[in-house]
Amino acid sequence: MRIRHAGAILVMVTLMAGKVLAHHSFTAEFDEKKPIKLTGKVTEMKFSNPHSWIYIDVETNGKIVNWALETGAANSLIRRGWKRTDLPAGTVLLVDGWQARNGSATANVSSITFTDGRRLFAGSSNEAAPTK
Amino acid sequence: MPAGKGVVEGGEIPYQPWAAAKRLENFTNRQTVDPLGKCYLPGVPRIMYLEFPFQIFQTSEHVAITFEWSQVYRLIYLNGKPPLHEGVESWMGDSRARWEGDTLVVQVTGQNDKTWFDMAGNFHSDALGVTERYTMLDADTIQYDVTINDPKVFTKTWKMSVALLRQKNMDRILEYQCQAEAEEADGSFERDPRTWYPQLGTPASPTAAMAPGGSLPALKTGANLRHTADGKADLTGYYSPGGGGANYGLERHGRDFLTPSTRGVVIDPADGSLPYQPWARAERINRELPYRGYDDPTAHCFVAGVPRGIYTPSPTEIIQTPGYVVLLFERMAWRIIPLDGRAHIPDNIRLWQGDSVGHWEGDTLVVDTTNLNGKTWLNEVGDVMSHAAHVVERFVPVDAGKITYRATVTDPIAYTRPWTIEIPMNRQSEELLEVACHEDNGDLQNLKNVRDEFRAQQKKEK
């Protein structure tokens, strides 16, 4: 993450919590009873609508699994000054969220932080998500 | 595909050698790889010469073009300003225009590399720059000249030219919902016979006796509104809904896992609850079960319908001309509201967005919508509406920065009496961005898996 974005990230956390676009039922897709914690390296930031996705490689017992993390719509990120190049591959992220009901490596995130504790924009892909 | 003498100046597109090979590959595989075959947004200029009609709406600051094909629109800015958000890539690009005499000259930038020029595999890169020139040859013919500049794919710029003809016997454009039609045909999306038109063996629009709705205090329009040259309140602008959580339930409800609470937006009945018939209340409750999430048409990226388009948590641009008010939804859908007093279309034509006609009552815009198809949900938790619904909306500009929106729904199939919701629409200095939806819909398969697992379980238990 380039330095000039550091300030923007902190501001974004509070803004994103209030307004993210939803287009489907989150309770239908994600499971309240499957909270997860992940640490992994970004492989791709897919800047798209109706939701953006961050893909991270997570290593568990020597095996690497690529997780798909659902975040806000590209349009809401753009309106807050984000660009598709702002989250380079290799960035290490710490993720809290809920796993998809179907048990796949897919999650709705409640918070994402960098290793130094700074928080990334994605409060959740849903404005409803509980904040911690 | 039919033979044609071509529309390209000089007859040939000047591909770089690698690109000529790529084009041939596209052509060979066109039945499976043409992006239009997947109902992806067609890009510019292809959208302009698809064999579907479109309608043009013109103000001093915009040209809006609404297409029958999948409710796509273009909003072309004439205000001389650069894009508010730079570096944005999209399927339809960013369009900025100026007048050169009577010719409209449009620069289109920021298109991605995923669209084609035609079904013969002619393609471009993300370096594409398109210049369009619209010139009236006579009262009913536009000469549409296009200059294509893409140094990554072509050896030089090239031009094409097409005539666009005004259709005189067409008073409306209707709907061709590409993705919805495909998913209904292959069974990916299932219609509910209880709400869908036609319900076999019953009259199209029942006029069941309903209890009357309550009376509501009239809203006062603002004193210092901007007006158009023809003396109407000027509603043109970008609006964000203050939905109050309407997208997660029209009635008051508490916060649940991943679903926010809302104070409710129902103002009639006075207790804020919807006057459901028992079957419809049961269906509403059932739709909150996880396996039903797949059934919400917007999860498939289909259009929201009426009134849902207004309070999806996503903005709306209003474009107003003397004869029309047009609603452009950021989630790529439009509603055209003619104001000339015309009648609704015949009852047996049913549309996702219905048929809307409007009139002014002072500074209030009143819109009457019928001919709905009964396939839409009222929100993500599944408030119910059927094809019999008659929706009357009032857009009341209470001050220069705010419209108070009221919609009264009379639906004798699902409810015992009419009901009304009220939502503020706040005007902002913003520009619409594009929401390409099913092009990048990562959620639908997950929702389908949940549905399929539930059905498999049901089958096992039987």
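Quick note: the coordinates plus some simple rules give every number you see, no bench work behind them. Worth saying up front: this structure is predicted, and the values here are computed from it rather than measured. Positions of Cβ are backbone-derived with ideal geometry, glycine not excepted, and every protein chain shown enters the neighbour counts.
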15 Å beta-carbon shell around B:I336, net charge (K/R +1, D/E -1)
-4
For peptide B:431-442, compute the average count of partner chain beta-carbon atoms within 10 Å of each residue's beta-carbon.
5
Long-range HN-HN contacts of A:N49 with modeled amide H, under 5 Å:
A:A74, B:A436
Scan around A:D86 for amide H atoms under 5 Å from its own, H built in the peptide plane at 1.01 Å from N, and keep only partners 5 or more places away or cross-chain.
none
Contact order normalised by length for chain B, with contacts defined as Cα pairs under 8 Å and 6 or more residues apart; what percent is it?
15
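Given the Cα-Cα distance of B:N149 and B:E51 and 0.36 nm per residue of separation, how much length would full extension add, in nm?
32.8 nm
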Sorted peptide list for B:22-34, B:309-321, A:51-63, criterion being average Cβ within 10 angstrom, highest first:
B:309-321, A:51-63, B:22-34
How much length, in nm to one decimal, is gained on full extension between B:N286 and B:D102, taken as 0.36 nm per residue of separation minus their Cα-Cα distance?
60.5 nm
Based on the alpha-carbon gyration tensor of segment B:178-447 and its eigenvalue square roots a ≥ b ≥ c, which shape applies: rounded if a/c is under 1.5, prolate if not and a/b is larger than b/c, or oblate?
rounded
What nm value, rounded to one decimal, do you get for the distance between B:L174 and B:R252 when each label is placed 7 Å out toward the C-beta?
4.4
Value of D in µm² per second that Stokes-Einstein yields for segment B:119-197, Kirkwood Rh from Cα pairs, at 4 °C (1.567 mPa s):
76
Pop a pseudo-label 7 angstrom from the Cα along the beta-carbon direction at both B:K402 and B:A120 and give the gap in nm to one decimal.
5.7
Along the charge dipole of the protein assembly as shown, which of A:A89, B:G362, A:N75 sits closest to the positive end, that is, farthest toward it, with unit charges on the beta carbon of Lys, Arg, Asp and Glu (+1, +1, -1, -1)?
A:A89
For B:R226 and B:A127 in the same chain, what is the full-extension length gain: residue separation times 0.36 nm, less their Cα-Cα distance, in nm?
31.6 nm
Based on the mean of other beta carbon atoms within 10 Å per residue, what is the order of B:8-19, A:73-84, most packed first?
A:73-84, B:8-19
Need one value for B:443-453: mean number of C-beta atoms belonging to other chains within 10 Å of its residues' C-beta atoms.
5
Highest average packing first - B:376-388, B:172-184, Cβ atoms within 10 Å:
B:376-388, B:172-184
5 Å binning of all Cα-Cα separations within segment B:112-159, expressed as whole percents from 0 upward
5, 19, 23, 23, 12, 10, 7, 2
Between A:A105 and B:S429, with labels modelled 7 Å along Cα→Cβ, what's the label distance in nm to one decimal, could you check?
4.7
What is the mean number of Cβ atoms from other protein chains located within 10 Å of the Cβ atom of each residue in peptide B:310-316, rounded to a whole number?
3
Using a Förster radius of 51 Å, what is the FRET efficiency between B:E86 and B:A218 based on their Cβ-Cβ separation? Nearest 0.05, please.
0.70
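Mind putting a number on the dipole of the protein assembly as shown about its Cα centre? Charges go on the C-beta only, +1 for Lys and Arg and -1 for Asp and Glu, and I need it in Debye to the nearest 20.
Taking the Cα centre of the protein assembly as shown as origin, the dipole is about 1220 debye.
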Go ahead and estimate [θ] at 222 nm for chain B from helices alone: -39,500 (n - 2.57) per DSSP H run with n ≥ 4, summed, over the residue count, rounded to 500.
-3500 deg cm²/dmol
Please report, to one decimal in angstroms, the Kirkwood hydrodynamic radius of chain B built from all distinct Cα-Cα pairs.
23.9
Dipole magnitude of chain B about its Cα centre (Cβ charges: Lys, Arg +1; Asp, Glu -1), debye to nearest 20:
540
Would you kindly give the portion of the calculated P(r) for segment B:215-294 that falls above 22 Å, as a percent of all Cα pairs?
49
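Kindly give the semi-axes, whole Å and largest first, of the ellipsoid equivalent to the protein assembly as shown, taking each as the square root of 5 times a Cα gyration tensor eigenvalue.
Working: eigenvalues 253, 231, 121 Å².
The equivalent ellipsoid of the protein assembly as shown has semi-axes of 36, 34, 25 Å.
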